[in-house]
Amino acid sequence: MQAMNTSDKHVVSVRGWLDSGEAARAMAQLILKRAESNGQMSKTLTVPYDDANHRALLSLFSGDFVRPANHGRSTKLHFAKWEASSAGIDGFVDVLADAVGHAFQNRKQAKQERSAELRSCLRLYIDSPGLAGAVARRELSNLDKDKGRYWYRCRKWAAGSFADTLQTYFRLLSLADELHRQTDRIEHVIHLSRQIAGDTHWLRPGNRIWRDLARDLVEYDSGLAEMTRDLPSRLRHAKVLNLIGITENLTSVLVMVFGRFEIVRASGVWRWPSEAAEQRQPVWFSARHLDGAELRFANPLRKVVTVENETSFLDLTVELESERDTLLVYTEGHANRAVISFLRKLSECCPQAKFEHQGDLDLYGVRILDSLISRTGINIQSSHMDVSTHHEYAPTGIPLPPKEQRRLQKFLASNKSESTSCPDLLRQIAVSGVWIEQEAITNPA
């Protein structure tokens with residue numbers, strides 16, 4: 001009969017210990033868990049004192065290496081001393097893992113390998129322009145602190161898959177930059193998802209990729225952050241992506257207009273804007289209506305007035321109904337891309353027209369005008385957004401909340417205030433401490 005070798009004896013000994021009871025098996029799992037965290041067992045193991053666990057450790061490691069600690073509140077196993085002694089077992093953790101039937105994982109080594117692979121993939125993008133480069137640099141900086149979106153997520157990624165996973169998202173970031181620059185371009189989210197990932201479900205409204213992109217855009221672009229700052233998260237994500245031209249469907253991107261004009265398409269002429277205006281009614285139309293369309297006017301267009309608020313827009317349809325050479329456009333706060341596209345079409349086909357904007361007399365209202373000017377490239381003048389109007393309607397003004405006062409003071413102290421469209425108005429608001437709703441001007445009580 002062949003003699004049992006030392007390794008086999010160790011395995012038998014450890015298995016016999018495991019069979020001695022539940023406490024021994026619990027201590028075995030704890031030892032393996034601690035060892036996996038660093039790839040090896042620490043010099044000592046301290047656990048809260050429990051009589052069954054204490055006796056289980058004594059039965060394998062003996063009283064020479066298992067002792068009470070912390071005034072009897074803990075049990076301390078001097079593992080390194082035991083392993084170095086004649087009673088110790090070489091490669092004990094491997095023997096224990098084999099006896100338990102557990103594939104030992106060196107989590108410290110796995111962590112280092114994940115970090116190295118993620119770092120290598122992110123470095124491919126750090127010199128990329130715009131949003132992609134900014135996200136890569138942020139994630140690399142966070143990785144140095146064992147933090148960041150991709151560091152937390154890559155624990156679930158298969159080794160070797162990091163490059164493909166990141167490549168798809170960074171293609172989306174580059175395309176988002178491209179969309180942001182082309183201020184009248186609108187992309188259907190399903191088409192964009194198919195183009196980037198070959199899958200219409202990869203990017204969908206509300207999913208993780210959708211949220212990631214919106215958050216990255218807000219962090220990167222202070223203008224988008226400002227335009228959407230007061231919206232709840234889900235609405236904010238949708239608004240941010242809408243502002244750069246990503247939408248769930250083209251018919252949902254709308255603009256409301258009041259005026260006498262016709263839409264000319266290859267299929268014919270749509271006269272319903274003029275017909276509605278004769279009935280003193282505005283019309284809604286979508287980005288799809290504008291796509292490939294031309295605008296035609298019976299009377300030369302003299303003035304275009306963009307309006308921030310719907311109530312004031314409707315007030316002005318009554319006030320300006322007889323001015324057949326004036327057109328009203330509702331921006332609904334910060335304008336969507338259908339509004340931007342429509343204003344550009346108006347500017348191109350009616351270069352003689354003067355553009356004006358009316359809105360709330362506060363920082364947000366002024367920044368809406370600033371955004372319209374920047375995104376359309378049109379010289380849009382403020383209307384009823386000046387110091388004299390503020391003086392006239394100040395009795396109806398609303399006190400600025402402390403948060404808004406701080407925000408206004410911060411803006412006036414920044415470089416942005418040098419290029420804003422209504423600096424004198426903003427300084428007056430800061431002095432008076434009140435802001436004025438546009439509705440108080442267009443329909444005073």
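Taking the numbered list (1) in contact with a helix residue (DSSP H, G or I) (Cβ under 9 Å, 6 or more places away or on another chain); (2) within 30 Å of Lys416 (Cα to Cα); (3) among the aliphatic types (A, V, I, L, M) in turn, Leu235 passes all entries but (1). If I filter the range 36-86 down to residues being out of contact with any helix residue (DSSP H, G or I) (no Cβ under 7 Å at 6 or more places or on another chain) and acidic (Asp, Glu), which single residue comes out as farthest from Leu18 (Cα to Cα)? So the residue we want is Asp64.
Summed over the range 218-241, residues that are of a type in the set (A, V, I, L, M), at pLDDT below 90 and open to solvent by less than 40 Å² (accessible area, probe 1.4 Å) total 1.
Consider Lys81 carefully, then state whether it is more than 14 Å from Trp151 (Cα to Cα), outside any loop (DSSP other than H, G, I, E, B) and within 46 Å of the chain's Cα centre (by Cα). Considered against the rule, which asks whether it is more than 14 Å from Trp151 (Cα to Cα), outside any loop (DSSP other than H, G, I, E, B) and within 46 Å of the chain's Cα centre (by Cα), Lys81 comes out as no.
Annotation: of all residues in the range 416-437 being surrounded by 14 or more Cβ atoms within 10 Å (Cβ to Cβ) and hydroxyl-bearing (Ser, Thr, Tyr), the one that is modelled with the lowest pLDDT is Ser417.
Restricted to the range 168-204, and to residues there that are open to solvent by 50 Å² or more (accessible area, probe 1.4 Å) and under 18 Å from the mean Cα position of the chain (by Cα), the residue that is nearest to Glu248 (Cα to Cα) is Arg204. Test Arg55 against the criterion of being among the basic types (Lys, Arg), over 53 Å from the mean Cα position of the chain (by Cα) and surrounded by fewer than 16 Cβ atoms within 10 Å (Cβ to Cβ), and give yes or no. Criteria met by Arg55. Answer with yes or no whether Thr326 is open to solvent by less than 40 Å² (accessible area, probe 1.4 Å), in contact with a strand residue (DSSP E or B) (Cβ under 7 Å, 6 or more places away or on another chain) and among the β-branched types (Val, Ile, Thr). Yes; evaluated as a whole, the condition is true for this residue. Considering the range 91-109, and only residues there that are in contact (Cβ under 8 Å) with a residue 40 or more places away in the chain, of a type outside the set (A, V, I, L, M, F, W, C) and in a loop (DSSP other than H, G, I, E, B), the residue that is least open to solvent (accessible area, probe 1.4 Å) turns out to be Asn106.
Counting the residues of the range 367-401 that are of a type outside the set (A, V, I, L, M) and more than 16 Å from Ile436 (Cα to Cα) gives 8. Within the range 416-445, residues that are at negative phi have Cβ atoms under 9 Å from residues that are open to solvent by 50 Å² or more (accessible area, probe 1.4 Å) and in a loop (DSSP other than H, G, I, E, B) in these pairs: Cys422/Asp386; Asp424/Asp386; Leu425/Asp386; Gln428/Asp386; Gln438/His384; Ile441/His384; Thr442/His384, counting only partners at least 6 apart in sequence or on another chain.
At least 2 residues being over 30 Å from Trp210 (Cα atoms) is the threshold, and among the strands (runs of 3 or more DSSP E) wholly inside the range 240-300 those reaching it are 254-258, 262-265, 268-270, 294-296. Suppose the filter is touching a residue at least 40 places away in the same chain (Cβ under 8 Å), open to solvent by 10 Å² or more (accessible area, probe 1.4 Å) and of a type in the set (Lys, Arg); does Arg344 pass it? Against the criterion (touching a residue at least 40 places away in the same chain (Cβ under 8 Å), open to solvent by 10 Å² or more (accessible area, probe 1.4 Å) and of a type in the set (Lys, Arg)), Arg344 qualifies.
When Arg215, Arg155, Arg211, Arg137 are checked against the criterion of being modelled with pLDDT under 90 and surrounded by fewer than 21 Cβ atoms within 10 Å (Cβ to Cβ), a single residue qualifies: Arg155. Name the residue that is most open to solvent (accessible area, probe 1.4 Å), counting only residues in the range 110-134 that are assigned to a helix (DSSP H, G or I) and touching a Leu at 6+ places or on another chain (Cβ under 7 Å). Applying the filter and picking the extreme gives Arg119.
The values are calculated or read from the model by the stated rules, or taken from the named source; none is laboratory data. Not measured: the values here are computed from a predicted model. Please note: Cβ atoms are built from the backbone with ideal geometry, for glycine as well, and neighbour counts cover all protein chains shown. Side chains are part of the model used for accessible areas, which takes the heavy atoms of the whole protein and leaves out ligands, DNA and RNA. Shrake-Rupley method; radii C 1.70, N 1.55, O 1.52, S 1.80 Å.
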